[in-house]
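Chemist: Pasting in a structure now, in structure tokens, and then I'll have a few things to ask.
The values are calculated or read from the model by the stated rules, or taken from the named source; none is laboratory data. No experiment lies behind these values; they were computed from the predicted model shown. Using ideal geometry, Cβ is built from the backbone for each residue, glycine included, and neighbour counts are taken over all protein chains shown. Only protein heavy atoms, including side chains, enter the accessible area calculation; ligands, DNA and RNA are left aside. Shrake-Rupley method; radii C 1.70, N 1.55, O 1.52, S 1.80 Å.
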Amino acid sequence: MTAPVIACIGDQTLSCGSIIPDYTLLVAANDNCDPYPVITQNPSVGSVFIDGMAITITAKDVSNNSSTSVLKLTLPQM
């Protein structure tokens, strides 16, 4: 059994005072045994944005195999 393969988005920019959106909707995961691996993110949706924070995207299949991808959140460049 192999872990799911994640097609993750790149790093993102958010404005000051933003809350973390649901990035799982922008990510795809494929698995050789599970057609619908569960995709989660940490920190969760609604968390307060802090410049430079990392969002970890995890895909887990029915066999409990998992893989992760990390994207970084920053303020827009001035």
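Chemist: Per residue, how much accessible area does the stretch 23-66 show when a 1.4 Å probe rolls over the protein heavy atoms, in square angstrom?
Modeler: 59
Chemist: Then there's this: Jot down the per residue volume, in cubic angstrom and as a whole number, of the convex hull over the alpha-carbon atoms of the stretch 2-44.
Modeler: So the per-residue hull volume is 76 Å³.
Chemist: Can you work out the Karplus-derived ³J(HN,Hα) for every residue in the stretch 38-54? Use 6.51 cos²θ - 1.76 cosθ + 1.60 with θ = phi - 60°, whole Hz, and x for glycine or proline.
Modeler: Each residue of the stretch 38-54 in turn: 7, 10, 10, 9, 9, x, 7, 4, x, 5, 6, 6, 10, 3, x, 5, 10 Hz.
Chemist: Would you mind counting up the charge near residue 57? Only other residues with Cβ under 14 Å from its Cβ, with Lys and Arg at +1 and Asp and Glu at -1. Display every interim value, and only then the final one.
Modeler: Working: positive: 60, 72; negative: 11, 22.
The answer is 0.
Chemist: Taking the Cβ of residue 66 as the center, what net charge do the other residues with Cβ under 13 Å away carry, scoring Lys and Arg +1 and Asp and Glu -1? Mind dumping the intermediate values first?
Modeler: On the way: positive: 60; negative: 31, 34, 61.
Within the 13 Å Cβ shell, the charges total -2.
Chemist: If you don't mind, there's one more thing I want to ask. Take the solvent-accessible surface of the protein heavy atoms, probe 1.4 Å, and return the percent of it on the chain that carbon and sulfur atoms account for. Provide the component values of the computation, followed by the final result.
Modeler: Details: 2720 of 4850 Å².
Summing carbon and sulfur atoms, their accessible area is 56 percent of the total for the chain.
Chemist: Kirkwood Rh over Cα pairs of the chain into Stokes-Einstein at 20 °C, 1.002 mPa s: D in µm²/s?
Modeler: Numbers: Rh = 13.1 Å.
My calculation gives 164 µm²/s for D.
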